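Reading through the structure tokens given below for one structure.
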Amino acid sequence: MILLLNKPYDVLCQFTDGQGRRTLADFIELPGIYPAGRLDRDSEGLLVLTDDGELAHRLTDPRHAHRKTYWVQVEGDPSEEQIEALRRGVPLNDGPTRPAEARRIEAPASIWPRDPPIRVRQRIPDAWLELTISEGRNRQVRRMTAAVGLPTLRLIRVASGEFALGDLEPGRYRLIDPVPATRSRRSAPDARPGYRAPGPRPARPGRAGSARRR
């Protein structure tokens, strides 16, 4: 089974939390699936989950150089020199990054409002970049943009390998027919945007028996 979720902002990339914070259990009721990779609590967008250990390994093992694409809203007006620095690779405290694909883009027309909104400074412009990397270091994209003088304000993953976010709304997921990656994928009968499998949601600490949907 493969599930594509549009993870909202301020949601932990796990199913349980002892502090009452929002987790994947607030949006997914299917048992036996786990994230193939992670997405930080303050990041949004595509999260791939599966019950297929081989697929999870392929998506997370650094040796496979798995490509991930992000839309990044940054503070500042990116220069060509700053974008070229991202393309060459950026020196970080845990070593230089691999070369990345980077380009400036217009604000995506399909973007949804973030809750809460990003901070806005009237005298400081902001811009959007599209950045594709083939590594998975901790908070790598944020560290890369900060290293070239462009702090990240908002980070949305829109593609991970052969999987794309598409038109999924925040908090919604899509089921994918689990055919091998060497064959073309097709949508499963229930793989429509916003599909949710029936059944009770597992109880969470502090919210026993809660079935609230977002």
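Sort out which residues of segment 159-180 are in a strand (DSSP E or B) and either β-branched (Val, Ile, Thr) or over 13 Å from the mean Cα position of the chain (by Cα) (or both), and write them in order of number. Steps first, answer last, please.
Pass one, segment 159-180, residues in a strand (DSSP E or B): 159-160, 163-164, 173-176.
Those that are in a strand (DSSP E or B) and either β-branched (Val, Ile, Thr) or over 13 Å from the mean Cα position of the chain (by Cα) (or both): Arg174, Leu175, Ile176.
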Checklist entry - Pick from Ser43, Ser79: which is hydroxyl-bearing (Ser, Thr, Tyr), out of contact with any Cys (no Cβ under 8 Å at 6 or more places or on another chain) and in the same structural domain as Lys7 (by TED's automatic domain parsing)? => result Ser43
Checklist outcome for this item: Only one of (1) surrounded by 16 or more Cβ atoms within 10 Å (Cβ to Cβ); (2) at pLDDT 95 or above; (3) among the charged types (D, E, K, R) does not apply to Arg114, and that is (2)
Checklist entry - Within segment 194-211, is there a residue that is closer than 18 Å to Ile2 by Cβ and modelled with pLDDT of 80 or more? => result no
Checklist entry - Among the residues of segment 140-165, which ones are within 15 Å of Glu44 (Cα to Cα) and at pLDDT below 95? => result Ser160
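Of the residues Ile156, Ile118, Ile124, which single one is under 16 Å from Arg38 (Cβ atoms) and either of a type in the set (A, V, I, L, M, F, W, C) or outside any loop (DSSP other than H, G, I, E, B) (or both)?
Within the list Ile156, Ile118, Ile124, the selection yields Ile156.
The values are calculated or read from the model by the stated rules, or taken from the named source; none is laboratory data. All figures in this text were calculated on a predicted structure; none of them were measured in a lab. A quick note on method: Cβ atoms are made from the backbone with ideal geometry, for glycine too, and the neighbour counts reach across all protein chains shown.
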